[in-house]
Amino acid sequence: MIAVVKQTATEEQLAHFVSWIEGRGFKTHVSQGDNETIVGIIGDTTQIDPFLLESMSIIERVQRVSEPFKKANRKFHPEDTIVDCGHGVLIGGGHFQVMAGPCSVEGQNLIQIAVACKEAGATMLRGGAYKPRTSPYAFQGMGEKGLDLLLEASEELDMPIVSEVMDPRDVQVFVDKGIDVMQIGARNSQNFTLLKEVGKTTVPVLLKRGIAGTIDELLMAAEYVMSEGNPNVILCERGIRSFETRTRNTFDINAIPVLKHLSHLPVVGDPSHATGYTRYVRQAAYAATAAGADGLEIEVHNCPSEAFSDGAQALTPAQFTDAMRRIALIREAVTTDLGEE
Ligand code: PEP
Ligand code: MN
């Protein structure tokens with residue numbers, strides 16, 4: 001349930017209302033926008049009489065929110081959330097960012113790839129140090145050593161880093177080392193223990209959609225993180241499993257405007273895992289940009305044929321540079337105000 005507070009209400013009246021609601025055993029989520037203040041009420045709101053709330057002098061109107069996700073819901077927070085990823089990089093609310101880098105951190109080539117990504121216009125560096133591989137015999141990532149290499153590159157290039165955390169027991173390591181953004185991979189999208197653990201921090205979380213996850217399941221995963229107190233969630237559409245076998249996954253472009261409609265959280269598109277093949281990645285990146293994504297996550301490798309993982313979908317630095325120029329043009333086309341609906 002949401003209660004829209006009248007613009008004439010004072011801070012004191014608002015605080016009094018919030019404590020009155022909380023005193024009845026509900027949780028609240030206050031969103032103070034430029035035009036209106038909204039108090040989200042979380043709990044079994046069938047117990048609340050909306051007419052009683054509406055009769056209060058500071059309440060403009062009351063609306064039931066039927067969706068099970070509350071904190072991630074745009075109805076609770078009409079304005080876009082802007083997530084601060086560190087190093088002055090903001091995402092959401094008109095701030096568009098591209099995270100690029102290798103699938104896995106492999107060693108000294110990381111800095112070479114990172115420099116190329118930055119030169120092409122990437123604003124965040126991605127790289128997996130802990131890798132979720134289908135086979136236990138495949139390269140599992142460099143672990144902490146990989147995080148240290150990312151941190152060195154981050155410092156040298158003044159770029160925030162994004163890296164996947166797979167195990168709740170590693171979350172503290174990511175926090176202690178100062179990893180800027182923790183990625184929750186598609187396979188862990190419903191690992192509720194992990195979601196709660198990252199939710200106890202304030203580190204931004206790049207939350208990927210599950211391999212066979214619905215949009216609502218992704219939003220409920222975000223709710224898990226947010227309900228623990230971490231509001232810094234970035235949603236990521238990375239393709240879902242379908243009956244199609246010509247591509248690794250099926251990029252659900254629809255999900256981008258749908259998520260932006262349902263939620264105030266930034267939405268990123270990952271054309272690399274969505275397609276699985278270098279030859280399709282750029283077109284999918286353009287489509288995600290045109291669909292209104294707040295950012296992209298793209299795998300780039302200096303020598304894809306030698307990559308330890310996902311070489312088949314990596315762009316070379318030259319391909320990435322070309323893509324970035326076109327992405328900038330598409331961004332301009334979709335964000336230019338033409339003065340009409
Ligand atoms: C990755 O980003 O390298 C990755 C493993 O992604 P996903 O979880 O989307 O498969
Ligand atoms: Mn990958």
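The values are calculated or read from the model by the stated rules, or taken from the named source; none is laboratory data. Treat the numbers as computed from the prediction; the structure is a model and nothing was measured. Because the Cβ atoms are built from the backbone with ideal geometry, glycine has one as well, and the counts that use them run over all protein chains shown. These area figures cover heavy atoms from the full protein model, side chains too; ligands, DNA and RNA do not enter into them. Shrake-Rupley method; radii C 1.70, N 1.55, O 1.52, S 1.80 Å.
Only one of these is closer than 25 Å to P78 by Cα and charged (D, E, K, R): E244, E217, E197. Name it. Can you show your working first?
Numbers: E244 fails: closer than 25 Å to P78 by Cα; E197 fails: closer than 25 Å to P78 by Cα.
Testing whether each residue is closer than 25 Å to P78 by Cα and charged (D, E, K, R) leaves just E217.
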Looking only at the range 204-225, which residues are among the hydrophobic types (A, V, I, L, M, F, W, C) and open to solvent by 10 Å² or more (accessible area, probe 1.4 Å)?
-> I211, A212, I215, M220
So, in the range 256-266, of the ones that are in contact with a helix residue (DSSP H, G or I) (Cβ under 9 Å, 6 or more places away or on another chain) and more than 13 Å from A222 (Cβ to Cβ), which residue ends up surrounded by the fewest Cβ atoms within 10 Å (Cβ to Cβ)?
-> V258
How many residues are open to solvent by less than 10 Å² (accessible area, probe 1.4 Å) and farther than 20 Å from L262 by Cα if we restrict to the range 187-203?
-> 4
If we keep only residues of the range 100-148 that are within 13 Å of ligand 1 (Cβ to nearest atom) and charged (D, E, K, R), then the residue farthest from M159 (Cα to Cα) is R133
Note on S227: of the conditions (1) within 16 Å of ligand 2 (Cβ to nearest atom); (2) out of contact with any Gly (no Cβ under 6 Å at 6 or more places or on another chain); (3) among the polar types (S, T, N, Q), unmet is (1)
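A quick yes/no check of all residues on (1) surrounded by 19 or more Cβ atoms within 10 Å (Cβ to Cβ); (2) more than 16 Å from ligand 2 (Cβ to nearest atom); (3) over 23 Å from the mean Cα position of the chain (by Cα); (4) at pLDDT 95 or above:
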site	(1), (2), (3), (4)
V268	yes, no, no, yes
A274	yes, no, no, yes
R282	yes, yes, no, yes
T289	yes, yes, no, yes
G292	no, yes, no, yes
N302	no, no, yes, yes
S305	no, no, yes, yes
Q313	yes, no, no, yes
Examine the range 45-57 for a residue that is away from ligand 1 (no atom under 16 Å from the Cβ) and within 28 Å of H273 (Cβ to Cβ), and state whether such a residue exists.
-> no
Only one of these is at pLDDT below 95, surrounded by 13 or more Cβ atoms within 10 Å (Cβ to Cβ) and of a type in the set (S, T, N, Q): Q32, Q47. Name it.
-> Q32
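Look at the range 162-190 and say how many of its residues are assigned to a loop (DSSP other than H, G, I, E, B), near ligand 1 (Cβ under 9 Å from one of its atoms) and charged (D, E, K, R).
From the range 162-190, those assigned to a loop (DSSP other than H, G, I, E, B) are 165-167, 178-180, 185, 189-190; that's our starting set.
Next cut, near ligand 1 (Cβ under 9 Å from one of its atoms) only: 185, 189.
Those still in the list that are charged (D, E, K, R) too: none.
Selection size over the range 162-190: 0.
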Test each condition in (1) open to solvent by 60 Å² or more (accessible area, probe 1.4 Å); (2) in contact with a strand residue (DSSP E or B) (Cβ under 7 Å, 6 or more places away or on another chain) for Q108 and report the one that comes out false.
-> (2)
The range 111-132 - residue that is modelled with pLDDT of 95 or more and within 21 Å of S189 (Cα to Cα) and, of those, surrounded by the fewest Cβ atoms within 10 Å (Cβ to Cβ) = K131
Do we find a residue being away from ligand 2 (no atom under 16 Å from the Cβ), in contact (Cβ under 8 Å) with a residue 60 or more places away in the chain and of a type in the set (A, V, I, L, M, F, W, C) anywhere in the range 240-247?
-> no
